[in-house]
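Q: Can you keep this structure in mind? I'll have questions shortly.
The values are calculated or read from the model by the stated rules, or taken from the named source; none is laboratory data. If you're wondering where the values come from, they're calculated on a predicted model, not measured in any experiment. Neighbour counts run over all protein chains shown; Cβ positions are idealised from the backbone, glycine included. Surface accessibility is based on the protein's heavy atoms, side chains included, excluding ligands, DNA and RNA. Shrake-Rupley method; radii C 1.70, N 1.55, O 1.52, S 1.80 Å.
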Amino acid sequence: MKILTIISTAILALNLYGASGDKKIIVGVSPVPHAEILEFIKPNLKAQGYELVIQEINDYSIPNIATQNGDLDANFFQHLPYLEEQNKNRGLTLVKTVAVHVEPLGFYSKKIKNINELKDGATITIAHDPSNANRALKILEEAKLIELAPNISLATPHDIVKNPKNLKFLELEGAQIPRTLDEVDLAAISTNFILDIGLSVSKDALLLENSDSPYANIVVTRAGNENNDKIKALNAAITTQEVKNFILDRYKGEVIPAF
């Protein structure tokens, strides 16, 4: 995995070599809805003299390193708790600039139609990173399927103190979780991946986090770069009323504006 990440980062750097001029804004994103939102703001930035270069990246291990190294001017794929964890664990100095939207995390299944049908000993896939694992477990606790130890900032399955259904947890990288739907009983999947595989948050989620979720997706850049004119232009373009209307109209409440 480390070798593949190094290779992928090297390829990214080669692809972007020579593309970091003052009038080019290079942003690493996950495909849906992030890339679509950036495509929408391209004309706005072009009118200001900026060329927005959108680099779609599916491997979450790449964008923060590429932003730290300067291969990307910014990235747009993560929420603040994930960024804080990455900064701490990987020695990065990245900062949030603006919050753009919330993608509610939900639980989905191809084996059951109602959460009450969940059987004893069921297998559930959740993200392996601490912030999103905690996010998923909190939803299960809210549904009274498990109980977590009190005063845990980032809970993991090891912090479950009551598990009446003897639920089993499989922890994977977020992008891999949708592929497990045919094998497991329940899977915690973020909205961007749900949109990718053609499911509906409103119709298919068996459990869904509350609309007051603190996990808004954010624009991120290197510390010290947040006052760069390019980043300021990007921030302004992505938080207009037109963008809010675009998110509401295109995603029909499955992606929620956060500004």
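Q: Running Debye on segment 106-177 with equal point scatterers at the Cα sites and no solvent, what base-10 log of I(q)/I(0) appears at q = 0.11 Å⁻¹?
A: -0.24
Q: Taking the dipole about the Cα centre of segment 148-259, with the C-beta of Lys and Arg at +1 and of Asp and Glu at -1, give me whichever of ASN245, ASN235, HIS158 is farthest to the positive side.
A: It is ASN235.
Q: Roughly how many nanometres apart are two label points built 7 Å out from the Cα toward the Cβ at ASN210 and LYS88?
A: Each label point is offset 7 Å from its Cα along the Cβ direction, giving 2.3 nm.
Q: Each residue of segment 240-255 in turn: what ³J(HN,Hα) in whole Hz from Karplus with 6.51, -1.76, 1.60 and θ = phi - 60°, glycine and Pro shown as x?
A: 8, 4, 5, 5, 4, 5, 4, 4, 5, 6, 6, 9, 6, x, 7, 10
Q: Tell me the mean residue ellipticity at 222 nm calculated for the chain from its helices only (DSSP H runs of n ≥ 4, each -39500 (n - 2.57), averaged over every residue, nearest 500). Write down the numbers at each step before the final one.
A: Working: 9 runs with 89 residues, N = 259.
After summing the helix terms and dividing by the residues of the chain, the value is -10000 deg cm²/dmol.
Q: While we're on this one: Mean projection of the alpha-carbon convex hull of the chain over all orientations, in nm²? Could the numbers behind the result be given before it?
A: Working: hull surface 55.7 nm².
Over every viewing direction, the Cα hull of the chain projects on average to 13.9 nm².
Q: Calculate the dipole size of segment 113-187 relative to its Cα centre from +1 charges on Lys and Arg beta carbons and -1 charges on Asp and Glu beta carbons; express the result in debye to the nearest 20. Mind dumping the intermediate values first?
A: Working: 9 positive and 12 negative charges, 38 e Å.
About 180 debye.
Q: Separate question: Which ³J(HN,Hα) values in Hz, rounded to whole numbers, follow from the phi angles of segment 159-167 under the Karplus curve 6.51 cos²θ - 1.76 cosθ + 1.60, where θ = phi - 60° and Gly and Pro get x?
A: With coefficients 6.51, -1.76 and 1.60, one gets 8, 6, 9, 9, 9, x, 8, 6, 5 Hz.
Q: Place a +1 charge on the Cβ of each Lys and Arg in the chain and a -1 charge on the Cβ of each Asp and Glu, then give the dipole magnitude about the Cα centre in debye, rounded to the nearest 20. All intermediate terms of the calculation are to be shown ahead of the outcome.
A: Values: 26 positive and 32 negative charges, 14 e Å.
For the chain, the charge dipole is close to 60 debye.
Q: Might you report the magnitude of the Cβ-based charge dipole of segment 205-259 about its Cα centre, with Lys and Arg at +1 and Asp and Glu at -1, to the nearest 20 debye?
A: Details: 6 positive and 7 negative charges, 40 e Å.
Using only the charged Cβ atoms, the result is roughly 200 debye.
Q: If you don't mind, another one. May I ask for the net charge around HIS128, where only other residues with Cβ less than 11 Å from the Cβ of HIS128 are counted and Lys, Arg are +1 while Asp, Glu are -1?
A: Numbers: positive: none; negative: ASP129, GLU171, GLU173.
Taking every other residue near HIS128 into account, the sum is -3.
Q: I would also like to ask the following. Taking the mean number of other Cβ atoms within 10 Å as a proxy for protection, how do you rank 101-107, 250-256, 33-39 from highest to lowest? It would help to have the intermediate numbers written out before the result.
A: On the way: 101-107: 23.9, 250-256: 17.0, 33-39: 21.0.
The most tightly packed comes first, giving 101-107, 33-39, 250-256.
Q: Using only Cα atoms, find the angle between the long axis of helix 229-238 and the longest principal axis of the chain, and express it within 0 to 90 degrees, rounded to the nearest 10.
A: Helix 229-238 sits roughly 50 degrees off the main axis of the chain.
Q: Let me ask something else about it. For ARG250, project a label point 7 Å along Cα to C-beta. Then give me every residue of segment 196-213 with its amide nitrogen under 17 Å of that point.
A: It comes to 196-199, 201, nothing else.
Q: From Cα pairs below 8 angstrom and at least 6 apart in sequence, can you work out the relative contact order of segment 110-178, rounded to a whole percent? Please list the in-between numbers first.
A: Numbers: 86 pairs, mean separation 29.4, N = 69.
For segment 110-178, the relative contact order is 43 percent.
Q: If you don't mind, another one. Any idea what the relative contact order of the chain is, in percent, if you count C-alpha pairs under 8 Å spaced at least 6 apart? Before the final figure, lay out the partial values.
A: Numbers: 446 pairs, mean separation 72.7, N = 259.
In percent, rounded to a whole number, it is 28.
Q: Using amide H atoms built in the peptide plane, which far-off residues or other-chain residues are under 5 Å from HIS128 H to H?
A: Amide H neighbours of HIS128: LEU172, GLU173, GLY174.
Q: Let me ask another. As an exercise, use a Förster radius of 45 Å and the Cβ-Cβ distance of ALA149 and ASN228 to find the FRET efficiency, rounded to the nearest 0.05.
A: Working: r = 43 Å, r/R0 = 0.96.
So, using R0 = 45 Å, E works out to roughly 0.55.
Q: Hey, can you grab everything whose amide H is under 5 Å from the amide H of ILE25? Only 5+ residues off in sequence or another chain; H modelled, so Pro and N-termini drop out.
A: Close amide H contacts, sequence-distant or interchain: GLU51, LEU52, VAL53.
Q: Something else about it: Within the chain, what whole-number % of the accessible surface is contributed by carbon and sulfur, with the 1.4 Å probe and all protein chains included in the calculation?
A: On the way: 6300 of 12500 Å².
Reported share for carbon and sulfur atoms: 50 percent.
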